[in-house]
Structures are given as C-alpha cells and as structure tokens.
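Visitor: Would you mind keeping the following structure in view while I ask a few things?
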2 protein chains.
Amino acid sequence: MFSLSEENYLKVIHNLKIANSKNASTTLIAKELQTKASSVTDMLKKLADKKLVNYQKYKGVSLTKKGENIALNIVRKHRLWEVFLVDTLHFNWDEVHEVAEQLEHIKSDQLIDRLDAFLKYPTKDPHGDPIPTKNGTLPLDNSILLSNADTQKLYKISCVKDNSKSFLQYLDKHAITINSEITIIDKIDFDSSIIVKLSNGIPLTLSSKVSTNVFVNLI
Amino acid sequence: MFSLSEENYLKVIHNLKIANSKNASTTLIAKELQTKASSVTDMLKKLADKKLVNYQKYKGVSLTKKGENIALNIVRKHRLWEVFLVDTLHFNWDEVHEVAEQLEHIKSDQLIDRLDAFLKYPTKDPHGDPIPTKNGTLPLDNSILLSNADTQKLYKISCVKDNSKSFLQYLDKHAITINSEITIIDKIDFDSSIIVKLSNGIPLTLSSKVSTNVFVNLI
DNA sequence: GTTGTAATTTAGACAAGTCTAAAAATATTT
DNA sequence: AAATATTTTTAGACTTGTCTAAATTACAAC
C-alpha cells in the first residue's frame with residue numbers, strides 16, 4: 001500500500017505535530033529522517049498528490065485525515081512491538097527503539113490484532129507513551145512536565161519524552177522509571193535544576209534537560 | 001548490510017538448491033521471485049561481484065559459503081517467526097507464510113536470540129522444516145517422500161513440502177498434520193495414487209500430487 | 001550436424017528515492 | 001526598510017532494482 005519511506009515521513013510529520021503543535025517544517029523533517037531538505041520537498045509533493053498531507057510551498061506541512069490515520073497506525077504498531085520486546089522478550093527499555101522502527105512497517109492487520117490480544121491490550125508502551133487504538137484515537141493525558149510541577153507534592157512518573165539510549169540509561173542508573181514516585185524538594189533558579197526525592201529518600205539533583213523530558217501525574 | 005532484494009535472491013537460490021540439488025537457473029529464480037529473467041541476470045552479476053554467488057553466464061548459479069550463511073540466517077529467521085506465529089499468536093499453519101516473509105528481513109541478532117529462547121529453542125517449524133542453528137547448520141533428516149514409502153508399514157508425517165494455503169487447507173480438512181500416523185494400504189499403478197489409513201481408521205485416497213508433497217518417517 | 005525452440009543475456013529505458021549546487025522565498029537584524 | 005542570514009525549492013544527476021525488446025547461447029529433435 002505505502003512504501004517504507006512514505007510511512008516514515010507520515011510518522012515523523014505526526015510526531016513533530018505532537019511535539020510542537022504546529023505545521024512540520026522541511027528542515028525539521030529532514031533532521032528527523034537524517035536526510036536533506038531537498039529530498040523532503042520532493043517527498044512532500046508526492047504525499048500531497050496522494051492527499052496524505054496538506055502542503056503549501058514554504059508553509060510547512062500537516063497531515064490530512066487519511067495521512068493521520070496511517071501515521072497513527074504506524075505509531076500503534078511501533079508501541080505494541082515495544083511492549084512485546086520489553087514484556088515478552090525481556091529487552092531493556094533503552095534497547096527497543098531501533099528494532100521497533102523496523103517492526104512497525106510489517107504489513108498484517110491480523111498480526112497486530114493477535115499481538116495486541118497476546119499482550120492483553122496494553123494502553124501504554126514501555127516509555128509511558130499511549131498506544132493509539134485500532135480506530136485511530138489517542139487517549140488524552142493530563143500529565144505535566146516535571147519541570148512545571150510544584151514543590152512538596154507527590155507525583156508519579158507517567159512518561160519519558162526523550163527515548164534515547166543515553167537518557168534512558170541515565171534514568172536507570174538513578175532508578176527512575178515509569179510509575180516511580182517523586183517529589184520536588186527545591187527548585188534552583190540559577191540553572192533551573194531541581195532537587196527531588198524518590199522512594200529511597202535520598203535527595204537527587206536533576207538538570208533542566210532531565211526535568212523537561214519527564215512527564216508526571218499528581219497522585 | 002544487505003538489501004531486501006539481495007536477501008530474497010539468496011534465499012530463493014538456497015531453496016532451489018535444496019529442492020533440486022543442482023545450480024539454480026535464471027528462469028526458476030525469476031518464477032520464484034515473480035520477476036523477469038533479465039532482472040535476475042542483472043542481480044546475479046551484482047551478487048557475484050559481492051562474492052555471494054558463483055555465477056557463470058548461461059551456467060546457472062550457486063551460493064558461495066558467505067552467501068550460504070546469509071541464506072541460512074534468513075531461513076532461520078523465517079522459520080522461528082513461523083513458530084512464534086503458530087505457537088504464540090495462534091495462527092493456523094496456512095496463514096503464516098506471507099507474514100514470515102516480511103519478518104525474516106528484520107535485522108537484529110538480539111531479537112532472534114531472544115525469540116529463540118522465548119520459543120524454547122525449537123528445531124522444526126510448523127510445516128516440519130528444520131530450523132538452521134545460529135552457526136548455520138541444518139540437521140539432516142532421514143525422512144522419505146510418502147510416495148516412496150512401503151505399504152502396510154506405520155509412518156509418522158514429518159514435514160510438508162508445499163506450503164501453499166490450498167494444500168495446507170486440504171490437509172487440514174482430512175486431519176492430516178505433522179506427527180499424524182499414517183499407513184499405506186494400497187498403491188494404484190494407473191495414476192500413482194495411494195490409499196492410506198490414518199488414526200481414525202477410515203481409508204482415504206491421496207493423489208500423487210499429495211503424496212509427493214508429504215514427508216514421512218518410519219516409526 | 002543442422003535446425004528450431006527455449007533459456008539467457010544485453011542494451012537501453014524507467015520509477016522511486018536520494019543527492020548537490022544554485023536560485024528563490026522568508027525571517028531576522030540593524 | 002535595507003541588508004543579511006536562514007529556510008525552502010528547483011534543476012539536474014545518481015543508485016537500486018526493475019522492465020521490454022532484441023540478440024545470443026544452449027539444448028533437443030530430427
């Protein structure tokens with residue numbers, strides 16, 4: 001139905017929209033896909049011809065309803081496979097991304113339906129990201145960034161934004177994971193770092209780069 | 001490392017070698033890959049440049065040691081995924097081929113190692129075909145074709161040669177499956193059909209096309 | 001052995017997706 | 001508002017894998 005490249009473009013446009021809540025730019029898409037801006041322009045024209053994106057020269061790009069459905073389906077597959085890799089095959093959460101990037105392009109509705117059932121219909125992936133339903137809806141979430149959370153209140157970590165190996169391994173080292181409980185003890189104005197307490201009770205300083213990549217929920 | 005096309009060519013050349021025990025011909029490869037003979041010639045030259053096949057114009061092609069290893073690895077992945085689809089996701093054995101054709105190209109040694117462990121190191125796929133080991137050895141098998149088996153002796157079905165939906169569904173209809181016990185009661189010279197008895201005791205006539213696509217072992 | 005047929009290869013073309021280099025449009029700075 | 005910098009697009013080329021049509025080689029029958 002759609003090529004590997006087309007699917008990757010749609011996915012990236014979708015992710016950029018979620019992250020920036022505005023039209024995706026040629027340059028950002030190129031950076032995400034490790035390609036050149038000129039290649040992106042070429043592909044955007046093709047996707048526009050197929051009515052998968054709304055594209056106007058120099059104005060960035062957004063997904064049409066049809067493009068959005070395809071993108072959500074890819075994201076659904078990606079996240080279900082991540083659950084499989086972690087829960088069933090016992091991968092660590094920092095090892096699954098590259099493999100899931102490949103598995104998400106396998107074309108078989110039956111496969112995904114059965115995988116979903118086998119995994120007991122999970123709603124979140126190992127990084128806390130919601131899994132789109134079969135009909136393409138994403139449950140909304142009232143999580144906030146840890147950097148925006150209040151001091152002295154008890155939160156639960158719900159999701160990590162950055163899925164890079166280095167970030168996830170950093171979190172592992174400090175026993176920070178999905179569903180960890182966390183309280184901000186103090187906020188340092190100077191560099192926007194925060195001092196937090198986890199369930200082990202030992203104070204820990206987190207940089208602003210860390211706290212803006214972690215989502216939490218008030219308990 | 002290798003492209004999808006390259007991997008498919010190597011796999012088909014390997015399968016043709018197993019099936020015909022001689023060099024694969026351009027035309028047969030083309031038929032298997034649903035492509036044209038001229039395309040095959042082009043690709044064989046490229047594979048020869050990469051030292052994956054021994055190719056001489058007009059003389060057919062065989063795999064080098066390097067090509068053989070890659071092909072066996074693809075076959076290993078294909079068959080492990082088939083076991084997963086049938087044993088874990090409860091696919092029927094006639095539904096797994098197309099999906100496994102996609103899954104076999106996923107590149108991750110870790111994934112296959114962990115899948116292998118999760119499946120408890122299976123040695124045969126759902127059609128009875130042996131699963132190559134990690135270091136590329138295929139256990140040899142003393143199975144014979146049902147069409148070559150003796151009358152009145154008790155055999156066990158070990159493998160089916162044709163993996164097509166229609167053949168597998170035909171076998172399902174008559175409750176013929178891997179490990180079924182079977183005895184040939186009579187052989188009909190006229191059309192080479194045979195009359196067999198399964199565990200239900202009811203005599204059943206099998207055409208020569210069927211009996212040449214089923215392997216059995218003497219019990 | 002010659003002849004006809006089938007298999008194979010060559011030559012040239014095409015589509016998808018990418019690239020570089022240059023041009024055009026937009027944004028930012030002064 | 002003009003000058004500069006950045007982003008985006010265009011034009012033309014390249015790679016991979018495929019195709020058609022024509023030429024060549026191998027094989028089988030007589």
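Visitor: What are the chymotrypsin sites (Phe, Trp or Tyr not before Pro) within region A:12-105 that DSSP puts in a loop, where the Cβ has at most 11 other Cβ atoms within 10 Å?
Guide: A:Y58
Visitor: If the cut-off is 23 Å between C-alpha atoms, which lysines fall inside it for A:K50, apart from same-chain ones fewer than 8 positions away?
Guide: Straight-distance partners of A:K50: A:K11, A:K17, A:K22, A:K36, A:K59, A:K65, A:K66, A:K77, A:K107, A:K134.
Visitor: With +1 on the Cβ of every Lys and Arg and -1 on the Cβ of every Asp and Glu, and nothing else charged, how large is the dipole of region A:140-187 about its Cα centre, in debye rounded to the nearest 20? Numbers along the way, then the final one.
Guide: Values: 6 positive and 6 negative charges, 18 e Å.
The calculated dipole for region A:140-187 is roughly 80 debye.
Visitor: Per DSSP H run of at least 4 residues, take -39500 (n - 2.57); add these up for chain B, divide by its residues and hand me the 222 nm value, nearest 500 deg cm²/dmol.
Guide: -12000 deg cm²/dmol
Visitor: Sort B:R114, A:R79 so that the residue with the fewest other Cβ atoms within 10 Å of its own Cβ comes first and the one with the most comes last.
Guide: B:R114, A:R79
Visitor: Same structure again: Net charge near A:L154, counting Lys/Arg +1 and Asp/Glu -1 over other residues with Cβ under 13 Å of its Cβ?
Guide: Residues close to A:L154 contribute a combined charge of +1.
Visitor: What does the charge count near A:N179 come to, summing +1 for each Lys or Arg and -1 for each Asp or Glu among other residues with Cβ under 13 Å from its Cβ? Walk me through the numbers on the way to the answer.
Guide: Values: positive: A:K124, A:K156; negative: A:E181.
So the surrounding residues net to +1.
Visitor: Of the options B:S147, B:V210, B:S166, report the single residue whose Cα projects farthest towards the positive end of the charge dipole of region B:144-218 (beta-carbon charges: Lys, Arg +1; Asp, Glu -1).
Guide: Projecting each Cα onto the dipole axis, the largest value belongs to B:S166.
Visitor: Next question, about the same structure. Which of the listed residues, B:H14, B:S62, B:S39, is farthest toward the dipole's positive end in region B:4-63, when Lys, Arg count +1 and Asp, Glu count -1 at the beta-carbon?
Guide: B:S62
Visitor: Another one. Using a simple charge model, +1 on the beta-carbon of Lys and Arg, -1 on the beta-carbon of Asp and Glu, nothing else, what dipole does chain B show about its Cα centre, in debye to the nearest 20?
Guide: 860
Visitor: Here's something else I'd like to know. If we hang a label 7 Å off Cα along the beta carbon direction at A:K209, how far is it from the matching labels on the other copies, in nm, shortest first?
Guide: 6.6
Visitor: Using modelled backbone amide H atoms (1.01 Å from N, in-plane), which distant-in-sequence or interchain residues come within less than 5 Å of B:S158's amide H?
Guide: Close amide H contacts, sequence-distant or interchain: B:N179, B:F215, B:V216, B:N217.
Visitor: A further question follows. Between copies, how close do the B:L140 label points come, placed 7 Å along Cα→Cβ, listed in nm from shortest?
Guide: Those separations, rounded to one decimal, come out as 6.8 nm.
Visitor: Using square roots of five times the C-alpha gyration tensor eigenvalues, list the equivalent-ellipsoid semi-axes of the protein assembly as shown in whole Å, biggest first.
Guide: 51, 27, 20
Visitor: If you don't mind, there's one more thing I want to ask. Normalised by the number of residues in chain A, what is the relative contact order in percent for Cα pairs under 8 Å and 6+ residues apart?
Guide: 15
Visitor: Still on this structure, I have one more. Using the Cα centre of the protein assembly as shown as the reference point, and only Cβ charges (+1 on K/R, -1 on D/E), how large is the resulting charge dipole? Debye, rounded to the nearest 20.
Guide: On the way: 58 positive and 52 negative charges, 251 e Å.
For this selection, approximately 1200 debye.
Visitor: Follow-up. List B:D94, B:D162, B:D109, A:D42 from most exposed to least, where exposure is judged by having the fewest other Cβ atoms within 10 Å.
Guide: Placing the least packed residue first, the sequence is B:D109, A:D42, B:D162, B:D94.
Visitor: What average number of partner chain Cβ atoms lie no more than 10 Å from the Cβ of the residues making up B:95-101? Walk me through the intermediate numbers first.
Guide: Working: counts 4, 1, 0, 4, 5, 0, 0.
Average neighbour count from other chains, rounded to a whole number: 2.
Visitor: Provide the net charge surrounding B:S25, with neighbours chosen by a C-beta distance below 10 Å and charges set as Lys +1, Arg +1, Asp -1, Glu -1.
Guide: +3
Visitor: Same structure, new question: In a Debye calculation with equal point scatterers on the alpha-carbon sites of region B:144-218 and no solvent, what is log10 I(q)/I(0) at q = 0.23, 0.26 Å⁻¹?
Guide: -1.06, -1.39
The numbers here are math on the coordinates, done by the rules we state, and not lab data. Model, not experiment: these values are computed from the prediction. Virtual Cβ from ideal backbone geometry, glycine too; neighbours counted across all protein chains shown.
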